[in-house]
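As structure tokens, the structure follows; a few thoughts come after it.
The values are calculated or read from the model by the stated rules, or taken from the named source; none is laboratory data. What you see is a predicted model; the values in this text were computed from it and never measured. No Cβ is skipped: glycine too gets one built from the backbone with ideal geometry, and neighbour counts run over all protein chains shown. For the accessible areas, the whole protein counts, side chains as well, though only heavy atoms, and no ligand, DNA or RNA atoms are used. Shrake-Rupley method; radii C 1.70, N 1.55, O 1.52, S 1.80 Å.
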Amino acid sequence: MNPGGPKTSRGPAAAAAAEEDPLCCCEYLDRHGQRSHLAACCCDCDDLDACGERWLTCKSLPPGILERIADTFKDRFRLPWLRGAVKIDISLLPPIILLPVFLHVAALHFLLALVILISLPVMVLWYYYLTHRRKGQTLFFLSLGLFSLGYMYYLFLKEVVPWGQVGHSQVILLTCGLILMFVSLSQAKRDPGYLLCQMSNDKALCQGSSSSNNDNILSRNGLGNSNGHYGEAVSSVAMNSNTEGFPRTLANGPGRVTEDWCTKCQLVRPARAGHCRICDRCVKRLDHHCVWINTCIGEENHQAFILTLTLFLITSVYGISLTLDTLCKGKSTIKALFYCPGVYGDYSSALSFTCMWYCVIVTSGMGYILLIQLFNISYNVTEREARIALRENTGRKLLWGLIVDTGQYNRGFLHNWVHFLTLHSTALQRSSEDIV
């Protein structure tokens, strides 16, 4: 092993060598295809050395050096594992490390709790807009959500239950709510309805380029081969279009459908499908990309997403009420939220009360998301369609902008909900939603 040697790309010979000589638990193949060891994590740090030297001598840094240092750090941040060290996404770590620290510091004094509980949402929103602008995937929000749930449940069992005010049946009920929510979350994390491409060299996304395979893919994507219009349109755009990532109308006119072509995925999109720039895939009936579960919300997982939000809100409100009934005896839940004398006199009760307020903030945010989703379902509009309507000034704003009615698919409250609850039924969808 020579960590400081020349960087070469991994080829068939390197892969064959790795198969003949298996990696030990502390070895791995780095991003250059070279065999490396965790003990050599501080070797070959020319960029870091140059950066430190220029910083000490007050010289400007060469362009791209910080990005190379970050890439190297991400590649070498690994844990020993069977058959080679595994890479750990560093975006998982900040919530796990910082959240307990912030909450325990906030429990020391009321003013500290006020400052930290205001600062936490601000920092999370700032990081969200930062990552959203770069259109990159991150596991930070998924890690924050899952760790918050687990840590709040742990503190509830450790700090609140020993007070003796919470019965075993209530703990079991709260636990069952969490289990059901995680089951629903696992369903929401599945395929949101990714469209299969008809023309691509990526075999993982395409099932071949033959006409029979194309017909099969069109059927799975919710499109039909209408009198050969598909093949005619695909060939014309594939040869003449030089743009990427933008839909394009291929054919329209009397008796012909309008086909929406995505040059990124090389496919014809059915009605209401959209391209997610974060996942870089087209999704049937794309609603939005949810950073909290790190996946798109589309036709296949929208129902599970709504169920997950609903179960979370019910479970969270129940846990908050149990905590307030324990800490502030004899007071109503709403009154105890804002007035619970003596709660900061004991560190255990102060920590429980601080975490309870953290849960209130998170629950309020999730409640707002669920409310917007319920409004959108009632008007049969997706979040993506609402944003487009606002940008193009084609939608009708209701309730101070909370609702955007495009009017394109709205068939009335009852019909809209039947449409949502039968998203997986192809026959019912075709009757209410033709290709446009």
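³J(HN,Hα) across segment 86-95 via Karplus (A = 6.51, B = -1.76, C = 1.60, θ = phi - 60°), whole Hz, x for Gly/Pro?
My calculation for segment 86-95 gives 9, 7, 10, 6, 5, 5, 6, 7, x, x Hz in order.
How would D287, D89 line up by accessible area, probe 1.4 Å, largest first?
Result, largest first: D89, D287.
Need the list of lysines near K74 for cross-linking: C-alpha distance under 20 angstrom, and skip anything on the same chain fewer than eight residues off.
List returned: K7, K87, K135.
List the residues whose amide H sits under 5 Å from the amide H of G274, counting only those 5 or more places along or on another chain, with H placed 1.01 Å from N in the peptide plane.
Excluding prolines and chain starts, which carry no amide H, the hits are V283, R285, L286.
List the chymotrypsin sites (Phe, Trp or Tyr not before Pro) within segment 73-126 that fall in a DSSP loop (any state other than H, G, I, E or B) and whose Cβ has at most 16 other Cβ atoms within 10 Å.
F77, W81
I want to check the label-to-label distance for K74 and L157. Put each point 7 Å from Cα in the C-beta direction and report it in nm to one decimal.
Modelled inter-label distance: 3.5 nm.
Once Rh for segment 97-163 is found with the Kirkwood sum over Cα pairs, what is the Stokes-Einstein diffusion coefficient at 20 °C and 1.002 mPa s, in µm²/s?
So the translational diffusion coefficient is about 158 µm²/s.
Name the residue farthest towards the positive end of the dipole of segment 36-134 from the options L111, L48, S60, assuming +1 on Cβ of Lys and Arg, -1 on Cβ of Asp and Glu, about the Cα centre.
Value: L111.
Just to make sure I understand: if all protein chains stay in place, what is the order of H104, H289, H415 by accessible area at 1.4 Å, largest first?
H415, H104, H289
Once ligands and nucleic acids are excluded and a 1.4 Å probe is used, how much of W292 is accessible, expressed in Å² to the nearest 10?
Counting only protein heavy atoms, W292 exposes about 80 Å² to solvent.
With a 1.4 Å probe and all protein chains in place, put M181, M152 in order of accessible area, largest first.
M152, M181
Work out from phi, with θ = phi - 60° and the Karplus expression 6.51 cos²θ - 1.76 cosθ + 1.60, the ³J(HN,Hα) of each residue of segment 316-327, listed in order in whole Hz, and give x for Gly and Pro.
Coupling constants for segment 316-327: 5, 4, 5, x, 5, 5, 5, 5, 5, 5, 7, 7 Hz.
To the nearest 0.05, what FRET efficiency results for E67 and S332 with a Förster distance of 51 Å applied to their C-beta separation?
0.40
Determine the gain in length on full extension of the stretch V105-R190; use 0.36 nm per residue of separation and subtract their C-alpha separation, reporting nm with one decimal.
26.8 nm
Once Rh for segment 325-371 is found with the Kirkwood sum over Cα pairs, what is the Stokes-Einstein diffusion coefficient at 37 °C and 0.692 mPa s, in µm²/s?
Reported coefficient: 285 µm²/s.
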